[in-house]
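Each remark here refers to the structure printed beneath this line.
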Amino acid sequence: MLVVVRLDRLARSVSHLLQVIEDLEERGVHFRSIRDPIDTSTPQGMFSLQVLGAVAQLERALIAERTKAGIKAAKARGKLPGNPGLRERRPEAIKAVSKAREKLYLDELISTAQTWLPTVRQLRPKHSWDNVVRVLNRRGHDWTVERLRRAVHRMVREKLAEPELLVRSPRRAPEDHLVKLVAAIAIADPDLSLRDIAAQLDQMGERPARGGRKWQPSSVRHLLDEAHRFGLIRH
């Protein structure tokens, strides 16, 4: 159960709130707001959530309609939609838009950091960006190596993350990426059993190191032992 004092402590909008709650439900986590009638473990709370969903859908529809009406009215007055400064390529307008986009990007990173940055801190720099991305995406994210590196670089620049996260991964044995991948999965979620890790490897499409179609717990155990031996996992 995730408990907050009020809704604005969790999400910046109704649509963002619904997205967060949906992510929690996929993980088997209920949500409760102390000052609002929302508790997803109760029928009343789920009803309130459905009402919020309807409100968010109506809000999006109204915004779209107002935008269309505004563009139509502007065209009727002979005005082109959009930013005149951008159309004329004015440097100050371009700079202002770029600054606004950067702020929006940073705000989004900060608001979602609790869902991805702890895993990055667990795995970097000992593990490659590729393995970190694979572990995050197995948890429901949609990262690419390029986007994740850019996000971490920005957080470090704003002093919201440690510079050590950007240190290059060590080039040392074992070269077998399966050992590193299994180590990354185990570090990110120490409660996973050997069978759980095997299932994740199957879902990732990784071929068993010793042949066969499906991963076996014994094969996972062997890779974990190798990871411990080479210092990728500490007891």
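Derivation of every value follows stated rules applied to the coordinates shown; laboratory data play no part. Source: prediction; values computed, not measured. Positions of Cβ are generated from backbone atoms using ideal geometry, with glycine treated the same way; all protein chains shown enter the neighbour counts.
Here are the numbers:
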| item | result |
| --- | --- |
| Among GLY78, GLY28, GLY212, residue whose mean-square fluctuation peaks in a GNM of the chain (springs only between Cα atoms under 10 Å) | GLY78 |
| Dipole magnitude of region 2-76, debye to nearest 20 (Cβ charges: Lys/Arg +1, Asp/Glu -1, about Cα centre) | 480 debye |
| Nearest-20 debye value, the chain charge dipole, Cβ charges on Lys, Arg, Asp, Glu | 1140 debye |
| Estimated [θ] at 222 nm from DSSP helical runs (n ≥ 4, -39500 (n - 2.57)) normalised by residues in the chain, nearest 500 | -20000 deg cm²/dmol |
| Ordering of 189-195, 116-122, 144-150 by packing [mean C-beta count within 10 Å, highest first] | 116-122, 144-150, 189-195 |
| Cβ-based charge dipole, the chain, positive-most Cα from PHE47, ILE197, ASN131 | ASN131 |
| Sorted by Cβ neighbour density within 10 Å, fewest at the top, the residues ILE38, ILE187, ILE110 | ILE110, ILE187, ILE38 |
| For region 104-166: relative contact order, % (alpha-carbon pairs under 8 angstrom, 6 or more apart) | 35 percent |
| Given (i) 113; (ii) 133; (iii) 198, the label whose value is volume of the Cα convex hull per residue in Å³ derived from this model | (iii) |
| Exposure proxy order (Cβ contacts within 10 Å, fewest to most) of HIS127, HIS30 | HIS30, HIS127 |
| Region 177-229: relative contact order in percent, alpha carbon pairs under 8 Å with at least 6 residues between | 45 percent |
| Assigned charges on the beta-carbon of Lys, Arg, Asp, Glu; region 100-235 dipole about Cα centre (debye) | 280 debye |
| For region 2-76: relative contact order, % (alpha-carbon pairs under 8 angstrom, 6 or more apart) | 25 percent |
| Positive-end extreme of charge dipole, the chain - chosen from LEU58, ALA186, GLN122 (charges on Cβ) | LEU58 |
